[in-house]
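I have placed the structure first, in the form of structure tokens, so that the comments after it can refer back to it.
Please treat every number below as a calculation from the coordinates, not as lab data. The model shown is predicted, which means the values in this text are computed figures rather than measured ones. Ideal geometry is used to build each Cβ from the backbone, glycine not excepted, and the neighbour counts take in all protein chains shown.
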Amino acid sequence: MCLAIRPGLTGGPVKSNGIAFAYIKATEGTRFKSSQFNSQYTGATNVGLIRGSYHFARPDISTGAAQATFFVANGGRWSSDGITLPGALDMEYNPYGATCYGKTQAAMVSWIKDFSNTYRARTGVYPVIYTTTSWWSTCTGNSASFGATNPLWIARYASAVGALPRGWNFYTFWQYSNSARPNPGDADVFNGDLAGLKRLASGA
């Protein structure tokens, strides 16, 4: 079981509650850096969680390359140590305005490729892509361009994962609830065992 931890959320003994790993918000756009990221990330490390960081995409304000660079410089680095998950790119409905951030489907695909390729060039791995099937269909035209390279973190609050975006035959992570109570954050599962999770954190 995993947590997706947003700024402002703290928790108690999550490891003893069965949590194996966590994704923690680090950045958004090219200006926002979570003031709580370092303490949350260090806390996850100190209790023995496999952990990673995520970036909330703002395709409306700067290029994918600029945001990938900002992310890597502010918490998004990766190393093949078996405890650091590849950084995640959070692609979802725009809370500030237009659903697809004012971009055409083709432009959105290009933006995501720009982020993904820059992140890989700087870290050696492709980022995980977090999204919903609905958003992906609406804003990328259900692009199949990333299934062969980027692990999928699908969000669907239901008892079954449902249809996946085109290009992915399976999910790597599934966010199935927006509450992991009594733990902080959203509730997620890894599609595999602990050994597989460690392989992902090792770049295998």
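Brief remarks follow.
- Couplings for segment 118-123, taken from phi via the Karplus curve 6.51 cos²θ - 1.76 cosθ + 1.60 with θ = phi - 60°, read 5, 4, 5, 4, 8, 10 Hz in order; Gly and Pro are left as x.
- Computed over the Cα atoms of segment 92-138, pair by distinct pair, the Kirkwood hydrodynamic radius stands at 11.7 angstrom.
- Cβ-based charge dipole, the chain, positive-most Cα from Tyr41, Gly162, Ser143: Tyr41
- Solvent-free Debye scattering, log10 I(q)/I(0), computed from the Cα coordinates of the chain at q = 0.09, 0.12, 0.13 Å⁻¹: -0.30, -0.55, -0.65
- Estimated vicinal HN-Hα couplings, Hz - segment 162-172 in sequence order (Karplus 6.51, -1.76, 1.60; Gly, Pro = x): x, 5, 9, x, 4, x, 9, 8, 7, 9, 8
- For the chain, adding -39500 (n - 2.57) for each run of n ≥ 4 DSSP H residues and dividing by the number of residues yields -8000 deg cm²/dmol at 222 nm.
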